[in-house]
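Structure first, commentary second.
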Amino acid sequence: MTEKIGVNIQYAIKLLSSEELVSIPTETVYGLAANALSEKAVAKVFSVKKRPFFDPLIVHVSSEKKIKEYAKNIPDIAFRLAEKFMPGPLTLVLEKKSIIPDLVTSGISTVALRVPDHLLTQQLLSQIEFPLAAPSANPFGYISPTKPIHVEKMLGNEISYILDGGNSIVGVESTIICFEKEDVILLRKGGVALEEIENEIDKKVRFQNNSESIQAPGMLKSHYSPLKKLFLCNIDNEFKYFNKQKVGILCFTKKRNFVSNVNQFVLSKEGNILEAASNLFSGLHYLDDLDIDIILAENVPNRGIGMAINDRLLKASS
Ligand code: TXA
Ligand code: MG
C-alpha cells in the first residue's frame, strides 16, 4: 500500500490522470490539486473543501509560456510582470479561453493563473498534459496548510495522496492582481510585495475599493480563521482584559513572561519578516490545537510581505 504522504511523483500523476485529487506542495501554501480541464475532478475539489461554487479556483501551469494556452487578450503589462515574477507567488487574473471549464472560474469570464516555484510540483506539472486547478488544501475559511501534516490533519480522510515537498517557504498565499486598461488592481495581498510590483511597473497599483463587487473571497472579511477566537491587539497592554481565560499568544519576536512557554509561538526571533510569513500558518495551527480558550496576536511591521501577514491576521481575528 502507498503511504498517504510521500514523494512519489508518478503515483501523483496516476491519481491526477484518473481525475482524483492530490495535495501538492508550493512555495506559498499546499494546494488541493485536480485536473483543471476535467469538470468531474474540479467538482471534487469544491466538495472536499466545502467551498461555495461562487469562489473560483487558481489554475497552475508549469511555465509563464503556458499562460497563452489558457488566457487571451493578455495586456503587455501582464507579460512584463509574468516575466519578472513567474515562477513565484504572483497570480494573474486574465480573460479566459473556453478550454477552461466554467466550473473552475465560477462562470466568470476571467481565469486566475499562476506558476508555482517549487521543484517537485514543477516536475509534476512538466510531466502532465493538463494544468492543475488548486485552491489551498484546507476546509473553506480555515487556516491554510504549509506542511504535509497540516493537510493530513484537515483533509487526510478525504484525499488519497499528499506530495511531500517540505515546508512552504513563502508561507502566505500568492498576490492576486487583475488588469483594467492600463491599471493594475490588487485583489489579494500575498507573497509578492506591493512595492516590488510598483517598482517593476513604475506606477501605483490600485486597490479594489469596497463598493466594487468582491472578486476574490480571500478579500472577504473573515477567512484564514482558527477555531479558537483570535484577537489582534497590543498584547502587553491588553492582556489584562483576557487573563481570566486560557490564553495562547502568537508573538512576532518574543515570548511574554505572563503566559506559559508552551502556549506561545514566535514568528521570528530576529524580527525577519520573511521568516515570520513562512511560520505564520504553522503558528496558527499550533495554537489552535492547544488546550486554550483564545489566541492573542500582534501586528508585524506593515511593509513588504508584512502587509500580507497583517491582512491574514486581521481576517483570522473576530
Ligand atoms: O498561493 C496560492 O495562490 C495558493 C496555492 C495553492 O497556489 N492557492 C490559493 O487558492 O490561495 P485559494 O483558492 O485558496 O484562493 C484563490 C483565490 C480566491 O480568493 C478566489 O476568489 C481568487 O483566488 N480567484 C480565483 N479566480 C479568480 C478570478 N477569475 N477573478 C478573481 N479572483 C479569482
Ligand atoms: Mg485559500
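Of all residues in region 146-163 being open to solvent by 50 Å² or more (accessible area, probe 1.4 Å) and out of contact with any helix residue (DSSP H, G or I) (no Cβ under 8 Å at 6 or more places or on another chain), which is modelled with the lowest pLDDT?
Asn157
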(request) Hey, can you tell me all the residues within region 83-140 that are small (Gly, Ala, Ser), within 16 Å of ligand 2 (Cβ to nearest atom) and closer than 26 Å to Asn167 by Cα? (result) Ala112, Ala133, Ala134, Ser136, Ala137
(message) Could you check region 146-157 and list, in sequence order, the residues that are within 16 Å of ligand 2 (Cβ to nearest atom) and of a type outside the set (Lys, Arg)?
(response) Thr146, His150, Val151, Met154, Leu155
(message) Against the definition (over 17 Å from Ser160 (Cα atoms) and open to solvent by less than 80 Å² (accessible area, probe 1.4 Å)), how does Ala36 come out, yes or no?
(response) yes
(request) All but one of (1) part of a loop (DSSP other than H, G, I, E, B); (2) more than 16 Å from ligand 2 (Cβ to nearest atom); (3) closer than 27 Å to Tyr70 by Cα; (4) not β-branched (Val, Ile, Thr) hold for Phe179, so report the exception by its number. (result) (1)
(request) Please enumerate the residues belonging to region 93-116 that are in a loop (DSSP other than H, G, I, E, B) and open to solvent by 10 Å² or more (accessible area, probe 1.4 Å). (result) Lys97, Ser98, Ile99, Pro101, Asp102, Leu103, Ser106, Gly107, Ile108, Ser109
(request) Could you check Ile143 against (1) surrounded by fewer than 23 Cβ atoms within 10 Å (Cβ to Cβ); (2) within 13 Å of ligand 2 (Cβ to nearest atom) and say which number it fails? (result) (1)
(message) Would you confirm whether or not region 40-55 contains a residue that is at positive phi and over 18 Å from the mean Cα position of the chain (by Cα)?
(response) no
(request) Identify all residues within region 76-92 that are of a type outside the set (D, E, K, R) and buried (at least 16 other Cβ atoms within 10 Å of the Cβ); write none if there are none. (result) Ile77, Ala78, Leu81, Ala82, Phe85, Met86, Pro87, Gly88, Pro89, Leu90, Thr91, Leu92
(message) Just to verify a result, which residue in region 126-163, among those that are more than 12 Å from ligand 1 (Cβ to nearest atom) and assigned to a helix (DSSP H, G or I), is farthest from Leu227 (Cα to Cα)?
(response) Ser126
(message) With the structure loaded, tell me whether Glu19 is touching a helix residue (DSSP H, G or I) at 6+ places or on another chain (Cβ under 6 Å) and on the phi > 0 side of the Ramachandran plot or whether it fails that test.
(response) yes
(message) Which numbered condition in (1) free of Cβ contacts under 8 Å to residues at least 12 places away in the same chain; (2) open to solvent by less than 30 Å² (accessible area, probe 1.4 Å) is the only one that Lys244 fails?
(response) (2)
(request) Can you tell me which residue among Gly190, Gly166 is out of contact with any Cys (no Cβ under 7 Å at 6 or more places or on another chain), part of a loop (DSSP other than H, G, I, E, B) and open to solvent by less than 10 Å² (accessible area, probe 1.4 Å)? (result) Gly190
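The values are calculated or read from the model by the stated rules, or taken from the named source; none is laboratory data. Keep in mind the model is a prediction, meaning the values are calculated, not measured. In this analysis, Cβ positions are derived from the backbone assuming ideal geometry, glycine residues included, and neighbour counts consider all displayed protein chains. In case anyone asks, the SASA skips ligands and DNA or RNA and just uses the protein heavy atoms, side chains included. Shrake-Rupley method; radii C 1.70, N 1.55, O 1.52, S 1.80 Å.
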